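Student: This is the structure, below, for whatever I ask next.
The values are calculated or read from the model by the stated rules, or taken from the named source; none is laboratory data. These numbers come from a predicted model, not from an experiment. Cβ coordinates were reconstructed from backbone atoms using ideal geometry, including for glycine residues, and neighbour counts include every protein chain displayed. Note: accessible area is taken over every heavy atom of the protein model, side chains too, but ligands, DNA and RNA are not part of it. Shrake-Rupley method; radii C 1.70, N 1.55, O 1.52, S 1.80 Å.
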Amino acid sequence: GPATGQTAPTPHTLLWRISGKHITHPSYLFGTMHVLCANDAVLSDSLKSVIRRCDEIYFEINLGDMMGMLNSMKYMRMADGKTLADVLKPDEYARVKAYFEKNVPFPPFGMLERFKPMLISGIIEEQSMDCETKDGMEMQILSESKAYDKPVDGLETAQFQATLFDSIPYSEQAKEL
């Protein structure tokens, strides 16, 4: 304990309660992965309780705003009309294309050729997960919140997030891919 100069061990939890001297209502912070195997995307009783009792729910982006999400699609493409063939060496491009044609039936590779390489890396990462059915914790939380008609919002917009990838040169993103 504090008397011996040792700190208490950090609890192994993803759900944190934020409270303090001048905070009248606590807030809760839940850390999660966007996509998990469906068997792992399960809400704990404590998280369900917080969802039931809270006033509103904020996600990284507002998952309830389907128009905003659809409108952000245009920001997923590389600027200046660049394509993957422009930022990858021919053999790398062939490997990525072959991977998609073999492992990712949808979306067709032709639709992805203008996508920022980091987004394509994310699709590959999700595809390589060792489970048949995938689910997102955010979607589970959103579904649970609908039972209580909780207001939902986002800390950022999908457009803002998509444009963040422009701050990393496409050549660097291509190396990661």
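Student: So, SER121, is that one assigned to a helix (DSSP H, G or I) and without any contact (Cβ under 8 Å) to a residue 12 or more places away in the chain or not?
Tutor: For SER121, the condition - assigned to a helix (DSSP H, G or I) and without any contact (Cβ under 8 Å) to a residue 12 or more places away in the chain - is not met.
Student: Mind counting the residues in region 56-70 that are open to solvent by less than 80 Å² (accessible area, probe 1.4 Å) and not aliphatic (A, V, I, L, M)?
Tutor: Total satisfying the criteria: 5.
Student: Filter region 27-52 down to the residues that are open to solvent by less than 50 Å² (accessible area, probe 1.4 Å) and over 16 Å from the mean Cα position of the chain (by Cα) and list them by number.
Tutor: LEU43, LEU47, SER49, VAL50, ILE51, listed by residue number.
Student: When GLU132 is evaluated against the numbered criteria (1) surrounded by fewer than 13 Cβ atoms within 10 Å (Cβ to Cβ); (2) in a helix (DSSP H, G or I), which criterion, by number, is the only one it fails?
Tutor: The number of the failed condition is (2).
Student: Additional query: Against the conditions (1) free of Cβ contacts under 8 Å to residues at least 60 places away in the same chain; (2) over 30 Å from PRO11 (Cα atoms); (3) assigned to a loop (DSSP other than H, G, I, E, B); (4) of a type outside the set (Ser, Thr, Tyr), where does HIS22 fall short? Just the number, please.
Tutor: For HIS22, the exception is condition (2).
To keep it simple, each residue is scored yes or no on (1) over 26 Å from ASP40 (Cα atoms); (2) of a type in the set (Gly, Ala, Ser); (3) modelled with pLDDT of 90 or more; (4) exposed (fewer than 15 other Cβ atoms within 10 Å of the Cβ).
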residue: CYS54; (1), (2), (3), (4): no, no, yes, no
residue: ARG77; (1), (2), (3), (4): yes, no, no, no
residue: VAL87; (1), (2), (3), (4): yes, no, yes, no
residue: ALA94; (1), (2), (3), (4): yes, yes, yes, yes
residue: LYS97; (1), (2), (3), (4): yes, no, yes, no
residue: GLU138; (1), (2), (3), (4): no, no, no, no
residue: TYR148; (1), (2), (3), (4): no, no, yes, yes
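Student: For region 57-80, what are the residues that are part of a helix (DSSP H, G or I), among the small types (Gly, Ala, Ser) and either over 12 Å from ASP153 (Cα atoms) or in contact with a strand residue (DSSP E or B) (Cβ under 7 Å, 6 or more places away or on another chain) (or both)?
Tutor: SER72, ALA79
Student: Given the criterion open to solvent by less than 60 Å² (accessible area, probe 1.4 Å) and within 25 Å of GLY64 (Cβ to Cβ), identify the matching residue among LEU164, LEU142, LEU155, LEU112.
Tutor: LEU142
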